[in-house]
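Report on one structure; see the data block that follows.
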Amino acid sequence: DAITHQFRAVELTPAGHTDKPARLNNLGTKLHTRFEQSGNQDDLDQAITHYTTALTLTPEGHHEKPSQLRSLSHSLEERFKQVGNVLDLEEAIKCNTRSVELTPENHAQRAQNLRSLGVTLVTRLRSPHAYTDDAPRAMKAFLEAMQHPTSHPLERLHASELYAVTLTEFSHLFTAPPRLSLLEAWKHAISLIPRCIWLGNNVRGRYTSDGLSVVGAVVNNAATAAIATGEYGLALEWLETGRAVVWSQVLQLRTPLDDLQRLHPQLADHLRHVSHALELTASGSPSMSMEAQLPSSSHDIQSPSSHVYALEYDKLISTIRELEGFEDFMQPKTLAQLAGACASGPVVVINVHESRCDALVLCRAVGDVIHIPLPELSLIRAMGIQKYLWDLLRAKRFLNRCRSDLQDEGDERGGRVTAMDPPDMMRKILADLWNWVVKPIMDIVCTLETPSATLPHVTWCPTGPLVFLPLHAAGIYPKNERTSTPSQTIMDLAVSSYTPTLEALLKPRAQVTPDGQDPRVLIVSQPASPLAINNPIPGTTTEAAIVMSLVGESKPLDDADGTIQAVLEGMATHEWVHLACHGAQNHADSTNSAFILHDGRLTLSELMSHHLLNADLAVLSACQTATGDEKLPEEAVHLAAGMLNIGYKSVVGTMWSISDYVAPEVMRVFYTVMAEQVKAGGELQPAYALHEATKALRRSSGRGGMNDFLRWVPFVHFGL
């Protein structure tokens, strides 16, 4: 329909009209788009015809000429790939060359036009028609594009990636060293990441931006290149820079400014005010007007636009970095700064790439990054396991059901996805994870840890498809629990946690209060929220009673008392929070994932606007609180990560839906162990408490026995 109307618009535009070329160009774009969907060669031929006519009708010197040349070049290059006529490719290169010539040096589209020229030259390099100067010409174009100061950062990021990929593929063609080495090119790309996800956008806008979807792949490629050259520490730093980018930006706005305040108090005050204003405009918190929340001096900033605040913020950061001693102010953390993440045990970062898969282990006993290749794992295999698991969870409705739907152990309403029973499917998934990922890592990690009666604590920080997979439960599980064949599982070797970033592990560890007081616990239960009237969860009442009986000072918010405002106010005054309610991961908009309370939904986007100074432990006894966004695996867009990032040091969550009958039993054991830790004093270790609770559930002969994987596997621990 769009093409039909565009054809009609062209027909109705008289010859010589100034809009004729633009309408012809738009028609070409729509036809090319339909070709990409349908593969109809006639659409591509017509697109080229209309692009050419538009170009002919556009006078020399017109500002649209470069973009028209680029559009024509794109279609000609595509036709060469389809048909193989080298004349099309030659003409495409000529169009792009002319496009660059016509683009002023400081024009914002210059990087895009340079990148397009480089791409067509690389296309010819990969064909039998390559010229001897194609490689250096392409590299020169990419280099100028990636360093072009006034072009969009995302264009420059793409150009940096293309420079590195071209250098890797055609290194044998260069007789002299390139201007930038491979790792220098990737370093430049990594440096552009914060600018691609701009603070001027609100949080939801950043999560849906084109830049964020590109960042994960770029960081993955860069880290793989660093690993291949033995630069394991650099690879770890880059992976950290590209993980949870939006969360990192939110936390950066809350960075303590002690040194700056002492030496440059006016700058510190200005930065604090602008950061606070920017945080409020970005989160879009509806709780009160922004003007009412801003510190008084923030009102000196004339416009409440987040763009204005973002520009001012960037300017301030640049000014501060010019000061002596502040050159690295708010720069990504170095390996030396990240080393403290392994204070409680080894941290395992897993990079999954189409060319290779590797684990990088931070271990206090070694003091350096340990590289463990994973030759049996591949991107295809990781994607296959994820699909296999999510097909099972969707078929059994564990990705869209709530606690109340999971009461019947024999519930088969979800149907089957294969001839294999769900326990057999999960057994295969966990065995593959064990053989391909976890066992090779633990074979090395177990040699690094000093033997102890206590199991070591291992924290997993995976990438790509592994983010959604239960590494904490990997193992070989016998089909018959009474068999003499012993199981081989990660749970026999270590206590597992997850973390969205290494920086999340740098917080001070939770301690029993020095005066011996028990932590204050907020207990929220929603057995029958009006927002889920058809899905009551009576087990939450039982669960809340169990928790109250095992902890010290507590405040219950049951049923109608559990409003959004009451919960947020309670979280601000209690070190621990226990949420027993419905929870949901919103797959269309992850920032709208929420806890279902009595008077509404406490969403992830609302949580992001809060910062709790005394928070220690959050137990999210709700469904899908650690599921995440399949489109943005490295961003950790889920409620468990949200609780970590607003201040909680330790979070218990769920990878998929949980049973209303099982949850109270898990919490009984969990809080029993936590009470013992509080009584003993010292550091609290919620990961060990959850480990014991899950073990008890596995051993039970009724609901949640070892082979009832879908019931006991989803419980996970994040953080310290």
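The values are calculated or read from the model by the stated rules, or taken from the named source; none is laboratory data. In this text, all values refer to a predicted model and were calculated from it rather than measured experimentally. Counting neighbours? That spans all protein chains shown, and the Cβs are built from the backbone with ideal geometry, glycine included. These accessible areas exclude ligands, DNA and RNA; they are computed on the full protein's heavy atoms, side chains included. Shrake-Rupley method; radii C 1.70, N 1.55, O 1.52, S 1.80 Å.
Cβ contacts < 9 Å: first residue in contact (Cβ under 8 Å) with a residue 40 or more places away in the chain, restricted to segment 136-161; second residue assigned to a helix (DSSP H, G or I) and among the acidic types (Asp, Glu), any location; separation 6+ or different chain. Result?
Close Cβ pairs (under 9 Å, with a partner that is assigned to a helix (DSSP H, G or I) and among the acidic types (Asp, Glu)) amount to MET146/GLU155; MET146/GLU161; LEU154/ASP210; ALA159/GLU144.
Scan segment 334-355 residue by residue and report those that are touching a Pro at 6+ places or on another chain (Cβ under 7 Å) and either in a helix (DSSP H, G or I) or on the phi > 0 side of the Ramachandran plot (or both).
Passing the criteria: only GLY345.
Starting from segment 52-63, keep only residues that are within 14 Å of ARG23 (Cβ to Cβ), then list their pairs with residues that are open to solvent by 60 Å² or more (accessible area, probe 1.4 Å) and not in a helix (DSSP H, G or I) whose Cβ atoms are within a distance under 9 Å, requiring at least 6 positions of separation or different chains.
The qualifying pairs are ALA54/GLU64; LEU57/ALA15; LEU57/GLY16; THR58/GLU64.
Give me the pairs: first residue in segment 308-329 and more than 19 Å from GLN249 (Cβ to Cβ) and assigned to a loop (DSSP other than H, G, I, E, B), second residue among the charged types (D, E, K, R) and at pLDDT 85 or above, beta-carbon distance under 8 Å, and six or more apart or on different chains, which are they?
If the second residue must be among the charged types (D, E, K, R) and at pLDDT 85 or above, the pairs left are GLU327/ARG321.
Of the residues LEU374, LEU379, which is under 20 Å from PRO470 (Cβ atoms) and open to solvent by less than 10 Å² (accessible area, probe 1.4 Å)? Can you show your working first?
On the way: LEU379 fails: open to solvent by less than 10 Å² (accessible area, probe 1.4 Å).
Residue meeting the stated conditions: LEU374.
Residues that are open to solvent by 60 Å² or more (accessible area, probe 1.4 Å) and modelled with pLDDT under 65: list the helices (runs of 4 or more DSSP H) wholly contained in segment 190-306 that include at least 1 such residues. It would help to see each step written out before you state the result.
Details: elements: 203-207, 210-228, 232-241, 245-252, 258-263, 265-283, 290-293.
Those helices (runs of 4 or more DSSP H) span 290-293.
Residues that are touching a strand residue (DSSP E or B) at 6+ places or on another chain (Cβ under 6 Å) and not in a loop (DSSP other than H, G, I, E, B): does segment 620-635 have at least one?
Yes, because at least one residue in segment 620-635 is touching a strand residue (DSSP E or B) at 6+ places or on another chain (Cβ under 6 Å) and not in a loop (DSSP other than H, G, I, E, B).
Can you tell me which residue in segment 173-186 is nearest to ALA135 (Cα to Cα), limited to those that are without any contact (Cβ under 8 Å) to a residue 24 or more places away in the chain and open to solvent by 90 Å² or more (accessible area, probe 1.4 Å)?
Start the filter on segment 173-186 by keeping residues that are without any contact (Cβ under 8 Å) to a residue 24 or more places away in the chain, which leaves 175-177, 181, 184.
Remaining after also requiring open to solvent by 90 Å² or more (accessible area, probe 1.4 Å): 175, 177, 184.
Working: THR175: 11, PRO177: 13, GLU184: 18 Å.
Here the answer is THR175.
Test of understanding: among LYS631, LYS649, which residue is open to solvent by 10 Å² or more (accessible area, probe 1.4 Å), within 14 Å of LEU620 (Cα to Cα) and in contact (Cβ under 8 Å) with a residue 12 or more places away in the chain? Talk me through it step by step, then tell me what you get.
On the way: LYS631 fails: within 14 Å of LEU620 (Cα to Cα).
Answer to the selection: LYS649.
Looking only at segment 533-560, how many residues end up being free of Cβ contacts under 8 Å to residues at least 24 places away in the same chain and closer than 20 Å to GLU665 by Cα? First the steps, then the outcome.
If we filter segment 533-560 for residues that are free of Cβ contacts under 8 Å to residues at least 24 places away in the same chain, which is where we start, we get 533-534, 541, 545, 549.
Within this subset, residues satisfying the condition of being closer than 20 Å to GLU665 by Cα are 541, 545, 549.
Count: 3.
Applying the selection to segment 442-481, what residues are open to solvent by less than 60 Å² (accessible area, probe 1.4 Å), among the aliphatic types (A, V, I, L, M) and not in a strand (DSSP E or B)?
The answer is MET442, VAL445, LEU448, LEU455, LEU466, VAL467, LEU469, LEU471, ALA473, ALA474.
Quick check: anything in segment 644-664 out of contact with any Lys or Arg (no Cβ under 8 Å at 6 or more places or on another chain) and at pLDDT below 85? Can you show your working first?
Filtering segment 644-664 for residues out of contact with any Lys or Arg (no Cβ under 8 Å at 6 or more places or on another chain) gives 644-648, 650-656, 664.
Going one step further and asking which of them are at pLDDT below 85, we end up with none.
The answer is no, given that none of the residues of segment 644-664 is out of contact with any Lys or Arg (no Cβ under 8 Å at 6 or more places or on another chain) and at pLDDT below 85.
Out of (1) free of Cβ contacts under 8 Å to residues at least 12 places away in the same chain; (2) buried (at least 22 other Cβ atoms within 10 Å of the Cβ), the odd one out for SER621 is which?
Going through (1) free of Cβ contacts under 8 Å to residues at least 12 places away in the same chain; (2) buried (at least 22 other Cβ atoms within 10 Å of the Cβ) one by one, SER621 breaks only (1).
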